[in-house]
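A short write-up of the structure that comes next.
The values are calculated or read from the model by the stated rules, or taken from the named source; none is laboratory data. This structure is a prediction, so every number in the text was calculated from the model and none was measured. We place every Cβ from the backbone using ideal geometry, glycine too, and count neighbours over all the protein chains shown. Ligands, DNA and RNA are stripped out before the accessible areas are found, and what is left, the full protein with its side chains, is counted by its heavy atoms. Shrake-Rupley method; radii C 1.70, N 1.55, O 1.52, S 1.80 Å.
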Amino acid sequence: MRRAEGGLPVHNAPTRARARLADRMSLVAASPTMKVAAEADRLRRAGVDVVDLGAGEPDFPTPAHVKAAAVAAIERNFTRYTSNAGVLELKQAVCERMRTDYQVGLGPDEVIITAGGKQALHNAALAICQEGDEVVTHAPGWPTLVEQVRLAGATPVVARTHPDDGFTLHAERIVGAFTPRTRAVVINSPCNPTGALVSEAAMAAIADAAAARAIWIIVDLCYEHLIFDEVPHNLPGVLYARMRDRTVLCGSASKAYAMTGWRCGWMIAAPDVVEAAGALQSHQTSNVSSITQQAAIAALTGPREAVERMRDEYRERRDRLMEWLAPEPRVRCVRPAGAFYLFLDIAECLSPDGLRTSAEFARALIDEKAVALTPGEAFDAPGFVRISYAAAPHRLKEGAKRLLEFVAEYAP
Ligand SMILES: Cc1ncc(COP(=O)(O)O)c(C=O)c1O
């Protein structure tokens with residue numbers, strides 16, 4: 001054994017060989033969106049004036065009545081374990097929202113409260129998919145969806161959407177990818193990073209084809225309350241009318257209620273799927289923080305003004321940002337219908353002897369202009385970058401200015 005200067009044994013010395021980890025770990029890499037946040041944070045700590053447009057989270061504080069409910073929960077010592085699946089009042093609040101928002105009737109045995117939408121989606125993947133299965137999803141898309149499918153041992157199959165038609169998800173592309181091994185479809189609408197919505201007609205066509213083949217449909221509704229125009233988006237209603245028993249809906253308090261750090265989401269599915277997810281959670285994370293659950297009840301059942309105000313503000317920012325970027329023809333984007341991202345096509349800024357990839361573009365942009373955004377590679381879409389407009393308008397304006405300067409200086 002090696003000895004340190006004072007003669008004490010040295011364990012875990014930095015020179016030791018890397019331990020061999022489980023094969024499973026070769027299937028998954030750390031979330032690339034989190035890497036951008038870490039880099040922006042590093043520069044900020046070093047005193048650089050970073051414009052951080054990488055973050056996938058609201059810049060608004062959690063609404064006051066939600067925070068007050070959490071404080072009250074602490075004051076009355078609501079600080080113990082709850083049932084794994086969450087407190088009844090919160091499950092009922094989720095049911096009530098589904099009734100109000102989508103006219104879908106549910107019982108609390110069809111709901112489990114999870115540590116964010118992320119855990120809801122992971123529960124669904126683990127409960128439904130296994131080795132030998134294929135799971136059809138769409139790209140550009142949020143990377144966690146495919147990573148979770150891989151972690152469940154299944155193979156993701158990707159149907160592509162394109163900017164030429166607004167990143168519309170065509171049912172034929174999903175259904176055309178079905179094989180005898182297809183076990184599930186994962187749909188995200190509004191979509192991160194494109195902001196595109198899946199139409200009710202497309203969802204109905206996918207559901208009809210899936211129901212005929214006993215394929216599950218998992219829907220990530222994390223941005224469901226961030227849709228900017230009055231467009232029909234009752235995907236739960238469409239699915240419940242066709243294939244209720246094989247539908248899994250995953251929701252989240254994170255984006256609509258500015259509650260990313262509280263970690264609260266929910267999975268809605270048939271009672272046996274909810275029970276399976278409960279068994280998983282009972283050995284993983286147990287219940288979501290008791291305090292968070294009380295806050296989430298207030299969020300779901302309380303006044304809607306804060307949600308509407310934030311959504312209206314995101315719409316305003318989207319429009320301003322598009323105006324600010326419009327003078328530069330080498331960056332183009334589709335007007336997003338929801339969420340809080342612009343997905344910029346920067347292919348014309350790339351060249352073999354300059355910035356070769358969108359990853360290099362994003363790296364150079366943060367190095368040269370201290371603007372953090374997320375390269376399209378993170379969403380299986382090279383040639384694009386994602387700008388989050390969940391940032392104060394004056395910072396967005398500054399970021400847009402620096403981005404245009406950067407393009408003028410570095411693009412061919
Ligand atoms: C598309 C999508 N789904 C789900 C999530 C999960 O969010 P959370 O776990 O905070 O609910 C995110 C977060 O960025 C997301 O972008």
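Please compute the net charge surrounding ARG402, taking Lys and Arg as +1 and Asp and Glu as -1 over other residues with Cβ under 11 Å from its Cβ. Present the calculation step by step, with values, prior to reporting the outcome.
Numbers: positive: LYS369, ARG395, LYS397, LYS401; negative: ASP49, GLU368, GLU398, GLU405, GLU409.
Net of charged neighbours comes to -1.
Quick check on packing: order 248-257, 21-30 by the mean number of other C-beta atoms within 10 Å, highest mean leading.
248-257, 21-30
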Segment 246-325 - percent of accessible surface contributed by carbon and sulfur, probe 1.4 Å: 50 percent
Mean Cα-pair separation over length for the chain, i.e. relative contact order, pairs under 8 Å, 6 or more apart, %: 22 percent
Separation of the ALA19 and HIS65 label points, Cα + 7 Å toward Cβ, nm: 4.9 nm
Roughly how far apart, in whole Å, are the Cα centres of segment 246-267 and segment 351-412? 29 Å
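How large is the charge dipole for segment 317-360, taken about the Cα centre, if only the Cβ atoms of Lys, Arg (+1) and Asp, Glu (-1) carry charge, to the nearest 20 debye? The partial results should precede the final answer.
Numbers: 7 positive and 7 negative charges, 50 e Å.
It works out to roughly 240 debye.
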With each label point set 7 Å from Cα along the Cα-Cβ vector, what nm distance links ASP208 and ALA72? 4.8 nm
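Keeping the other protein chains in place, figure out the carbon and sulfur percent of the accessible area of segment 20-79, with a 1.4 Å probe. Present the calculation step by step, with values, prior to reporting the outcome.
Working: 2250 of 3870 Å².
Answer for segment 20-79: carbon and sulfur cover 58 percent of the accessible area.
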State the antiparallel share, in %, of DSSP beta bridges confined to segment 201-324, rounding to the nearest 5. 50 percent
In whole percent, how big is the carbon plus sulfur part of the accessible area of segment 353-412, probe 1.4 Å, protein atoms only? 53 percent
Of the DSSP beta bridges with both residues in the chain, give the percent that are antiparallel, rounding to the nearest 5. 50 percent
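Just the accessible area per residue of the chain, please: how many Å² with a 1.4 Å probe?
I get 45 Å² per residue for this part.
Using per-residue counts of other Cβ atoms within 10 Å, averaged over each peptide, order 187-198, 119-130, 141-152 from highest down.
Working: 187-198: 27.1, 119-130: 24.0, 141-152: 21.9.
So the peptides 187-198, 119-130, 141-152, ranked by packing, come out 187-198, 119-130, 141-152.
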Given 153-160, 42-49, the highest-first ranking by average Cβ count within 10 Å works out to 153-160, 42-49
Just by accessible area at a 1.4 angstrom probe, what is the order of TYR81, TYR410 from largest to smallest? TYR81, TYR410
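Between ARG45 and THR155, what length comes free when the chain is fully extended (0.36 nm per residue of separation minus the Cα-Cα distance, one decimal in nm)? Show your work: numbers first, answer last.
Working: separation 110, 0.36 × 110 = 39.60 nm, distance 3.99 nm.
That pair, ARG45 and THR155, stretches by 35.6 nm at full extension.
Label segment 111-200 by shape, choosing from rounded, prolate and oblate, from the square roots a ≥ b ≥ c of the eigenvalues of the Cα gyration tensor; if a/c is under 1.5 it is rounded, and otherwise prolate applies when a/b is larger than b/c, oblate when it is not. Write down the numbers at each step before the final one.
Values: a/c = 2.08, a/b = 1.26, b/c = 1.64.
Oblate, since a/c reaches 1.5 and b/c is not below a/b.
Mean Kyte-Doolittle of at least -1.0 plus a Cα span of 15 Å or more along the axis: flag which DSSP H helices in the chain meet both, please.
Result, helices passing both filters: 32-45, 64-75, 88-102, 116-128, 200-212, 271-283, 290-301, 358-369, 393-410.
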Cβ charges +1 (Lys, Arg) and -1 (Asp, Glu), total dipole of the chain, debye: 1140 debye
Counting Lys and Arg as +1 and Asp and Glu as -1 over every other residue whose Cβ sits under 10 Å from the Cβ of VAL175, the net charge comes to 0
Label GLU368 and THR301 with points 7 Å out from Cα along Cα→Cβ: what is the distance between them in nm? 5.5 nm
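Placing +1 at every Lys and Arg Cβ and -1 at every Asp and Glu Cβ, with all other atoms neutral, what dipole size does segment 97-222 have around its Cα centre, in debye to the nearest 20?
Numbers: 9 positive and 13 negative charges, 32 e Å.
In total the dipole reaches around 160 debye.
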